[in-house]
Amino acid sequence: MTRKETFNFSSGPSVLPAEALERAGAEICNFGSSGMSVMEMSHRSPIYEGIFAEVKTKLKKALSVPDSHEILFLQGGASMQFSMIPMNLMGEKGCADYAVTGNFSDTAYKEAKKYGTVNLAASSEDKNHTYIPAQNEITTDPNASYFYYCANNTIYGTQWKYVPETGAVPIACDMSSEILSKPVDIKKYGVIFAGAQKNMAPAGLTVVIIDKALAGRELPFTPLMMSYGLMIEKDSMFNTPPCWNIYILGLVLDWLESRGGVIGMEKETVEKAKMVYDVLDESRLFNACAEPGARSNMNITFRTKSREIDAAFVKEAEARGLLNLKGHRSVGGMRASVYNAQPIEGILALAEYMRDFEVKNRV
Ligand SMILES: *Cc1c(COP(=O)(O)O)cnc(C)c1O
């Protein structure tokens, strides 16, 4: 199949804007008048330093990052932040609050226990992570070094619709699968992080946005490469950053800006997700997995009453060019990831297919 005949619903690495990929393709051997590929440049060369600074400026603008916060371009995936956050923030108080609303926050919660006392401030495990706890279901400790949560649960298809109130306790948030899909009030957060491969760039880049006031509190054994303080001091260039991925992020940010930035994206995202949820709500065959108030606008999880029908749905979808609709192995069913770069045509094709499939599989 060609790209034009397919829509990719992968949860990550996931679809990137075709415009950004085409530009990268056009520039792949020779960037500007440099005579070389961005992949071949020294990260300390003036031309690459220019690209780096520009991408940072674009991201700062796209997310309205205040001067109190620093943007870092790191490696190690979102998962490395599960360790970096406690190593850097657990600090003198030695305890932290975690809300566990899915697989990734659960991994982060368990990892943090290596570095201090960790309170389970809230959990949605009782209903297999199909909902998001309300503010009055969260038990916060005013003495915690930080409060941690995952804004969008990629696997379960749930999304926080509010920023938890934690008083003076700084918030650390995993935004891997929703960053750049809506405006964020960055000032409310101590640390935001996101693996790039969901909504920003190829895998290999992790974006961290950190309140500079939180730097320099790392535990003494923290590896150099995992110190926020050092990375801030060196502007993410203590060692070689993921140069190519940062450049691609720049192309994606240009595309984002041409579509009205995060405000434009939020409008598109809400519309796209609603189209799929509307099909689910009208359907007698499919059921949405997440509770209505917690439904993710990025990862839509659903299923039929039978595994066989689920499998047939995924298989026939592939034949139609609707790719990667199988749910995560821990949840089963189906999952349609409708990130920023998922075109509306992909949603229309999915909705049409779901209706056709239901007619053929009447219950
Ligand atoms: C994908 C994902 C991760 C893991 O990202 P890696 O870069 O593979 O470590 C963590 N959190 C969330 C919310 C994700 O969607």
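The values are calculated or read from the model by the stated rules, or taken from the named source; none is laboratory data. Note that the structure is predicted; figures quoted are calculated from it, not measured. We place every Cβ from the backbone using ideal geometry, glycine too, and count neighbours over all the protein chains shown. With ligands, DNA and RNA removed, areas are computed over all heavy atoms of the protein, side chains included. Shrake-Rupley method; radii C 1.70, N 1.55, O 1.52, S 1.80 Å.
For region 173-193: of the residues being touching a Pro at 6+ places or on another chain (Cβ under 7 Å) and not in a loop (DSSP other than H, G, I, E, B), which is nearest to the ligand (Cβ to nearest atom)?
Here the answer is Ile186.
Just to be sure before I move on: is Gln81 in contact with a Pro (Cβ under 6 Å, 6 or more places away or on another chain) and either within 15 Å of the ligand (Cβ to nearest atom) or closer than 24 Å to Gly333 by Cβ (or both) in the structure I sent? Steps first, answer last, please.
Numbers: in contact with a Pro (Cβ under 6 Å, 6 or more places away or on another chain): no; either within 15 Å of the ligand (Cβ to nearest atom) or closer than 24 Å to Gly333 by Cβ (or both): yes.
Against the criterion (in contact with a Pro (Cβ under 6 Å, 6 or more places away or on another chain) and either within 15 Å of the ligand (Cβ to nearest atom) or closer than 24 Å to Gly333 by Cβ (or both)), Gln81 does not qualify.
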(Q) Report every pair of residues separated by at least 6 positions or lying on different chains whose Cβ atoms are under 9 Å apart, first residue within region 58-80 and closer than 13 Å to Gly195 by Cα and touching a residue at least 24 places away in the same chain (Cβ under 8 Å), second more than 16 Å from the ligand (Cβ to nearest atom) and small (Gly, Ala, Ser). (A) Leu72/Ser236; Phe73/Ser236; Leu74/Ser236
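Table: residues versus (1) open to solvent by 30 Å² or more (accessible area, probe 1.4 Å); (2) within 16 Å of the chain's Cα centre (by Cα); (3) away from the ligand (no atom under 16 Å from the Cβ).
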site	(1), (2), (3)
Leu89	no, no, yes
Tyr98	no, no, no
Gly116	no, no, yes
Ser123	yes, no, yes
His129	no, no, no
Pro133	no, no, yes
Asn143	yes, no, yes
Cys150	no, yes, no
Asn153	no, yes, no
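Yes or no: region 105-112 includes at least one residue that is more than 16 Å from the ligand (Cβ to nearest atom), of a type in the set (A, V, I, L, M) and either open to solvent by 10 Å² or more (accessible area, probe 1.4 Å) or within 29 Å of Ala288 (Cβ to Cβ) (or both). Outline the logic, then answer.
Initially, region 105-112 is screened for residues more than 16 Å from the ligand (Cβ to nearest atom), giving none.
Among the residues of region 105-112, not one is more than 16 Å from the ligand (Cβ to nearest atom), of a type in the set (A, V, I, L, M) and either open to solvent by 10 Å² or more (accessible area, probe 1.4 Å) or within 29 Å of Ala288 (Cβ to Cβ) (or both), which makes the answer no.
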Q.
Out of Ala213, Ala196, Ala203, I need the residue that is crowded, with 19+ Cβ neighbours inside 10 Å and touching a residue at least 24 places away in the same chain (Cβ under 8 Å). Which one?
A. Ala196
Q) Given region 194-288, what helices (runs of 4 or more DSSP H) lie entirely inside it while holding 1 or more residues that are among the polar types (S, T, N, Q)? A) 243-258, 261-282
Q | Long-range neighbours under 6 Å by Cβ, at least six apart or interchain, first residue in a strand (DSSP E or B) within region 292-320, second among the acidic types (Asp, Glu) | A | Arg303/Asp310
Q: Within region 76-87, work out how many residues are more than 15 Å from the chain's Cα centre (by Cα) and open to solvent by 10 Å² or more (accessible area, probe 1.4 Å).
A: 2
(Q) Contact list please: Cβ distance under 8 Å, first residue in region 92-117 and among the aliphatic types (A, V, I, L, M), second residue open to solvent by 60 Å² or more (accessible area, probe 1.4 Å) and more than 14 Å from the ligand (Cβ to nearest atom), pairs at least six apart or on different chains. (A) Ala96/Thr117; Val100/Leu120; Val100/Glu125
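Looking at region 55-75 only, could you name the residues that are more than 14 Å from the ligand (Cβ to nearest atom), farther than 16 Å from Asp211 by Cα, open to solvent by 40 Å² or more (accessible area, probe 1.4 Å) and not basic (Lys, Arg)?
Quick first cut of region 55-75, residues more than 14 Å from the ligand (Cβ to nearest atom) only: 55-72.
Okay, now just the ones that are also farther than 16 Å from Asp211 by Cα, so 55, 57-58, 61-62.
So of that shortlist, the ones also open to solvent by 40 Å² or more (accessible area, probe 1.4 Å) come out as 57-58, 61.
Of everything in region 55-75, just one residue is more than 14 Å from the ligand (Cβ to nearest atom), farther than 16 Å from Asp211 by Cα, open to solvent by 40 Å² or more (accessible area, probe 1.4 Å) and not basic (Lys, Arg), namely Thr57.
Would you mind stating whether Lys161 is open to solvent by 10 Å² or more (accessible area, probe 1.4 Å), under 21 Å from Leu72 (Cβ atoms) and either away from the ligand (no atom under 16 Å from the Cβ) or touching a residue at least 40 places away in the same chain (Cβ under 8 Å) (or both)? Break it down into steps so the answer makes sense when it comes.
Working: open to solvent by 10 Å² or more (accessible area, probe 1.4 Å): yes; under 21 Å from Leu72 (Cβ atoms): no; either away from the ligand (no atom under 16 Å from the Cβ) or touching a residue at least 40 places away in the same chain (Cβ under 8 Å) (or both): yes.
Taking the combined requirement at face value, the residue does not satisfy it.
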